[in-house]
Structures are given as C-alpha cells and as structure tokens.
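What follows is a short report on a single structure.
Bear in mind that the values in this text are calculations on the coordinates, not laboratory data. The shown structure was predicted, so the numbers you read here are calculated from the model rather than taken from an experiment. Cβ placement follows ideal geometry from the backbone for every residue including glycine, while neighbour counts extend to all protein chains displayed.
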Amino acid sequence: MILHDYWRSSASYRLRIALGLLNESWETVSVDLTKGRQTEPAHLALNPQGLVPVLEIDDAILTQSLAIIEYLDETRHAGFLPADPIGRARVRSIAYAIAMDIHPVCNLRVVRHVVSASEKHITAEEWMRTFIGPGLLAVEAMLASPATGRFCHGDRISMADICLVPQLYNADRWGVSLADMPRIRAVRAALEEIPAFMNAHPARTPGAITD
Ligand SMILES: N[C@@H](CCC(=O)N[C@@H](CS)C(=O)NCC(=O)O)C(=O)O
C-alpha cells in the first residue's frame, strides 16, 4: 500500500488515522505541496485534481479521502460508518460539514488566491479564522445530540471522528479558539488517547518540519 501524503495535509491525515485504526502498514510518498509537487506530471497521472491524498491499494489508485475511507470500510469491515441508515446519515453529515464545507475553502490553492487577489488585504490567518471558527461552532451544535457519546457518534470511532481531529489540528494552527466548543473538546480528548490518532499526527509523519 502506498500513501501519497503531505504531513500538513488534513485530508491525508484522515487516511493516516483510518489506516492506523485498521493496523495497516503503508509506504509514504511525500508530496511537498509548498513546492508544487502536486502539479507535476507524475502526480497528476495519479490524481488529475492535483491533490493529496492518493492511495495505491488492492491494485487500484484511489483519490478523495472520504471515498477511500468508505472503500476501507466496505472492504475491511472497519465500522467507520454505523450499520443503521440514520446513524450513517448522521456520521456522514458531520464528516461532510468538515470535509466538504470547512476544508475546501481553506485549501492551499484557495488561500493563496485570496491573499494574492486581495493584494494581501486579506491575510491567510483572517481567511482561515473566518471559516474554521463558525464551521466548527456548527459541528459543536451538531454534537448536541443524544447520539453523541464518547466520540462524535456513540462510543465507536467513525468517519466523523476521523475528519474532526485533522480539522482541529488546523484550528490550532491558525489560532482558532475551541473555548466555546466543550463537546468538541471532550471528543477530541477521548480520541487523542488512541494510538492511531497519536501516530497519524503531522509532527510524526515523514517529511514533517517541526522547528
Ligand atoms: N476532497 C479532497 C481534498 C483534498 C485536498 O484538498 N488536499 C489538499 C491538502 S489537504 C491539497 O492537496 N492541496 C494542494 C493544493 O491546493 O494545491 C479529499 O478529501 O481528498
């Protein structure tokens, strides 16, 4: 298995968590997004979108982290989605709120364009805080449900948890306070005790620059 990864990529971070939860081992190919390696022909041949992650698995080349998490769920019986349709819809709605609404507007290419098109009147920090804070407050409200347990959905780790933790790493990175998000903080504290989440942390990922 080969994961085309970048240490600070939160979409890749999701897959590092998912693979770790499955006790899978994989080889990392580090794609340095800051150097534009994702736009080189070799990477575009794997993912025409010029994004990470890409996972080479089972003689296939898969892209889109949530599609890959669902593939792992279907083929490895991971339980990343609950068995009941309402539960699955809830887990997907939390995961999508993060992965489809917060994350895309905070992507590197979007932020670079905003900073340059605004002639630096909008800073990366302002842009990130504008979307991450309110986006996570909405997730906090979604967690105000009896369906929330130790984790986002009951006491079993789901795709929602796999999306939440990387987004919280980004929140910390851009100085977004979680003070008004007690449910998110409680779920995060429970998840951070789990080895697959610890080991997937960007600082522990090949290629990480930690100083
Ligand atoms: N929806 C995609 C998003 C992938 C994505 O946005 N990847 C980012 C890193 S987190 C990326 O490769 N950015 C490179 C760029 O913007 O040029 C997924 O979930 O896999």
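Could you sort 69-79, 117-127, 12-22, 49-59 so that the peptide with the highest average Cβ count within 10 Å comes first and the rest follow in order?
On the way: 69-79: 16.3, 117-127: 12.3, 12-22: 24.4, 49-59: 18.2.
Packing order, densest peptide first, comes out as 12-22, 49-59, 69-79, 117-127.
To the nearest 20 debye, what charge dipole does region 85-195 have about its Cα centre, counting +1 at the Cβ of each Lys and Arg and -1 at the Cβ of each Asp and Glu? Working shown, then result.
Numbers: 13 positive and 11 negative charges, 59 e Å.
Here the size comes out at about 280 debye.
Need one number: % antiparallel among DSSP beta bridges in the chain, to the nearest 5. All intermediate terms of the calculation are to be shown ahead of the outcome.
On the way: 7 of 12 bridges.
So the antiparallel bridges in the chain amount to around 60 percent.
In debye, nearest 20: dipole of region 2-88 around its Cα centre with unit charges on the Cβ of K, R (+) and D, E (-)? Display every interim value, and only then the final one.
Details: 7 positive and 12 negative charges, 80 e Å.
Here the size comes out at about 380 debye.
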- Message: For the chain, report the % of Cα-Cα distances exceeding 21 Å.
- Response: 53
- Message: Distance between the C-alpha centers of region 1-50 and region 150-165? Whole Å please.
- Response: 22
- Message: Of Ser10, Ala179, Pro53, which is farthest towards the positive pole of the chain's charge dipole, taken about the Cα centre with +1 and -1 on the beta-carbons of Lys, Arg and Asp, Glu respectively?
- Response: Ala179
- Query: For the chain, what does -39500 (n - 2.57) per DSSP helix run (n ≥ 4), summed and divided by total residues, give at 222 nm, in deg cm²/dmol to the nearest 500?
  - Reply: -14500 deg cm²/dmol
- With +1 on each Lys and Arg Cβ and -1 on each Asp and Glu Cβ, and nothing else charged, work out how big the dipole of the chain is about its Cα centre, in Debye to the nearest 20. 420
- Expressed as a rounded percentage, what relative contact order does the chain have, with Cα pairs under 8 Å and six or more residues apart? 26
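Mind ranking 174-183, 132-141 by how tightly packed they are, going by the mean number of other C-beta atoms within 10 angstrom, highest first?
Descending mean neighbour count gives 132-141, 174-183.
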